[in-house]
1. Calculate the FRET efficiency for H134 and F34 from the Cβ-Cβ distance with a Förster distance of 41 Å, rounded to the nearest 0.05.
2. By how many nm would the segment from Y190 to T96 grow when fully extended, if each residue of separation counts as 0.36 nm and the alpha-carbon distance is taken off?
3. Taking the highest mean first, how do the peptides 118-126, 142-150, 162-170 order by number of other beta carbon atoms within 10 angstrom per residue?
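Each reported figure results from applying straightforward, stated rules to the coordinates on display, with no laboratory input. Since we're looking at a predicted model, the values are computed, not measured. Every residue, glycine among them, receives a Cβ derived from its backbone with ideal geometry; neighbour counts consider all protein chains shown.
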Amino acid sequence: MVLFAAKVYASIRSGSLAIIASTLDSLLDLLSGFILWFTAFSKKTSNPYRYPIGKRRMQPLGILVFASVMATLGLQIILESTRSLFYDLAIYTIRTWSMTVLENVHSLVGQSASPEYLQKLTYLCWNHHKAVRHIDTVRAYTFGSHYFVEVDIVLPCDMPLQEAHDIGEAPQEKLESLPEIERAFVHLDYEFTHQPEHARSHDTL
């Protein structure tokens, strides 16, 4: 903030386009830092009764809004500017923040994890217990900055409920201990020839 104030003073005194551009860059850093701080604070103070799955999406949503504003600002500068420096700065701003918009849109709409990551999750579940007969489905999709994971595990049909419960609970805890995963849901079944439980089709591994 001190550096930004000094740059504002220097911009006013000198009128230099280079210093003005540097001042604008410092302003953007401050604004983006404030958004990250605010969203992090908001996530920590989440009310579990109003937001039962937390507020993980606050951070990408805040960045998305800010990035959209900055991309629009860059376009406005292009339309109004006749100076080469401002034009170049506007092109850079639009390109940078447009990429940020796309990145955060993907994290909000539930984009699937990479095949390599899904294979890692499948390996973890398959080697969890010798009683696991089949891994029916493994899904991992973005939920804000983290993943939600859904796994269908097939166990013997005559296994007691208590034992099946313990086998299913353990991989859930393992999955949720991974830093990229927010929540994991493990569904237990005794066969895998039925139709998917959900009406909408999903990619499966």
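1. After rounding, the FRET efficiency stands at 0.25.
2. So the extension gain works out to 28.9 nm.
3. Values: 118-126: 16.4, 142-150: 20.8, 162-170: 13.8.
Descending packing order for the listed peptides: 142-150, 118-126, 162-170.
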